Amino acid sequence: MQIGPYKLRNQLVLAPMAGVTDRPFRQLCKKFAAGLAVSEMVSCNSALWGSQQTLRRMDHEGEVEPRTVQIAGADPVLMAQAARFNVERGAQIIDINMGCPAKKVCNVMAGSALLQNEYLVKQILDAVVTAVEVPVTLKIRTGWDPGHRNAHSIARIAEQAGIQALAIHGRTRACAYKGEAEYETIRAVKQETSLPVIANGDITSPEIAKKVMEFTGADAVMIGRAAQGRPWIFREIEHYLATGELLPEPGIEETRTIMIEHLNNLYKFYGEYTGVRVARKHIAWYSKGHHNGAGFRQRVNRVDSIDEQLCMTHAFFDSLSAAQEMAA
Ligand SMILES: Cc1cc2nc3c(=O)[nH]c(=O)nc-3n(C[C@H](O)[C@H](O)[C@H](O)COP(=O)(O)O)c2cc1C
C-alpha cells in the first residue's frame, strides 16, 4: 500500500491505541512486520504540548519510517497548528482521529462525535491538509449510530479535501466496542471511493485478516487489540497472506525473549517508576492464557522495581518451561 510518497512493506497497520501504542510498542510491531504503526493521539490543545506525556508521544527517535502521528480535536485552526507542530517534530504522516468513541477528547466534542457534523469535518480536513506538506490520513467509524452510517459522505468529503487514506472501524460511535464489527459498510465505501481504504475492527487472526480483505476489497487491514501481548500477529498475517500457511505460535522461550526485550525498552523509554507501571498491562496481555498466568499477574502487579518485575517474569517463564519439559 502507498500513502503519499511512502510505499509500505505490506498491507498491515497497527491501530492507534492511547496508552498502548507508545514508541516501544510501535517499534516492536514494526519489527514483527507491521507496515505502518500509528502513534497514540496527541491532543490539539497546545497547553498540553509541554507535558511529559505529550512529549513522549512525540518522541520518534529510532522509529522505522514512515512515522505517523494521530491528532485529535474539533477546532480546525488548532488542528492545523497541531499538525504543523508534529510535522516540525518529525511526523511524516498526520492521521486525524474521528474514530474514538470517548465523549470528550481534548475537552470538546471530538473523535467520532464529529461524524455528526459533516460541515465541521470538511473544515477540519481542509485546514489540516492545507497546513502541512506531508500526507494526511483519516480514521473514522461507520457513522454515529446504526441509523446514521454516513461513512460514505465522510469518504467523499475526505477525497475532496485531499486525504490520502481512510481507515474505517466497522462499528458506529454508539456501538462503542459492543457486538461484532460489520464490514458491509467498509465494502460499500471502498466500492465508491478512490481513496485507499484500511479496514478495522475485530481482526484477530490471519484467516480473518484475509477474509476481511477479500470481502471489503480494502487496501489494508488495521489491527488493534489483537496485537496486545501478541505483536507477532503481523508476522503471522504477512506470512499467511503470502503463502496461505499458518505459522506456529512462538514457543515459550521466544515469547520470553520478546517480552523481556519489550519490558527493557519500556524501562528505557519511561524510566523505572512509569516503566514498571506501563509494563504491567503488557505483562498481563502476554501471560493471558498461559498456565498459572492469573497468579503470576497478581504477584507481579504488586512489585515496583525493574529488578523484581524482571525476576518474577523470568521465574514465570522458567516454570512454564519446566512444565513443558515434564509434559514432553
Ligand atoms: C486501549 C485502546 C485505545 C484506543 N485509542 C485510540 C486512539 O487514540 N485513537 C483512535 O483513533 N482509536 C483508538 N482506539 C480504537 C482502535 O484504534 C481501533 O479502532 C479499535 O480498537 C478497533 O480495532 P480492533 O478490533 O482491532 O481492536 C483505541 C482502542 C483501544 C482498545
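The values are calculated or read from the model by the stated rules, or taken from the named source; none is laboratory data. Bear in mind that the values here come from a model prediction, so they are computed numbers and not experimental data. Cβ coordinates were reconstructed from backbone atoms using ideal geometry, including for glycine residues, and neighbour counts include every protein chain displayed.
Among the residues making up the stretch 190-203, those that are within 14 Å of the ligand (Cβ to nearest atom) and in a loop (DSSP other than H, G, I, E, B) are 201, 202, 203. Pairs under 7 Å by beta carbon, first residue at pLDDT below 90 in the stretch 101-128, partner in a helix (DSSP H, G or I) and away from the ligand (no atom under 16 Å from the Cβ), six or more apart or different chains? Hits for this filter: 114/120.
Each residue in the stretch 141-160 was checked for being within 22 Å of residue 4 (Cβ to Cβ) and modelled with pLDDT under 95, and 0 of them qualify.
For the stretch 161-217, a residue qualifies if it is β-branched (Val, Ile, Thr), at pLDDT 95 or above and closer than 26 Å to residue 233 by Cα, and the qualifying residues are 168, 185, 186, 197, 198, 203, 204, 208, 212, 216. Only residues that are farther than 19 Å from residue 28 by Cβ and of a type in the set (Lys, Arg) were counted across the stretch 208-259, and they come to 2.
One line per residue, one yes/no per condition, for (1) in a loop (DSSP other than H, G, I, E, B); (2) closer than 23 Å to residue 14 by Cβ; (3) within 12 Å of the ligand (Cβ to nearest atom); (4) in contact with a strand residue (DSSP E or B) (Cβ under 9 Å, 6 or more places away or on another chain):
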{"position": "112", "(1), (2), (3), (4)": "no, yes, yes, yes"}
{"position": "130", "(1), (2), (3), (4)": "no, no, no, no"}
{"position": "153", "(1), (2), (3), (4)": "no, no, no, no"}
{"position": "176", "(1), (2), (3), (4)": "yes, yes, yes, no"}
{"position": "188", "(1), (2), (3), (4)": "no, no, no, no"}
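If you go through the stretch 225-240 and pick out every residue that is within 14 Å of the ligand (Cβ to nearest atom) and touching a strand residue (DSSP E or B) at 6+ places or on another chain (Cβ under 7 Å), you end up with 4. If you check 96, 3 for being over 23 Å from residue 274 (Cα atoms), within 14 Å of the ligand (Cβ to nearest atom) and touching a residue at least 12 places away in the same chain (Cβ under 8 Å), only one passes: 96. Checking each residue in the stretch 26-72 for being among the small types (Gly, Ala, Ser), without any contact (Cβ under 8 Å) to a residue 60 or more places away in the chain and under 15 Å from residue 84 (Cα atoms) picks out 46, 72.
Once the stretch 165-174 is narrowed to residues that are within 12 Å of the ligand (Cβ to nearest atom) and in a loop (DSSP other than H, G, I, E, B), the residue that is surrounded by the fewest Cβ atoms within 10 Å (Cβ to Cβ) is 170. In the stretch 204-216, the residues that are in a helix (DSSP H, G or I) form Cβ pairs under 8 Å with partners that are among the charged types (D, E, K, R) and within 14 Å of the ligand (Cβ to nearest atom), at six or more places apart or across chains, as follows: 208/202.
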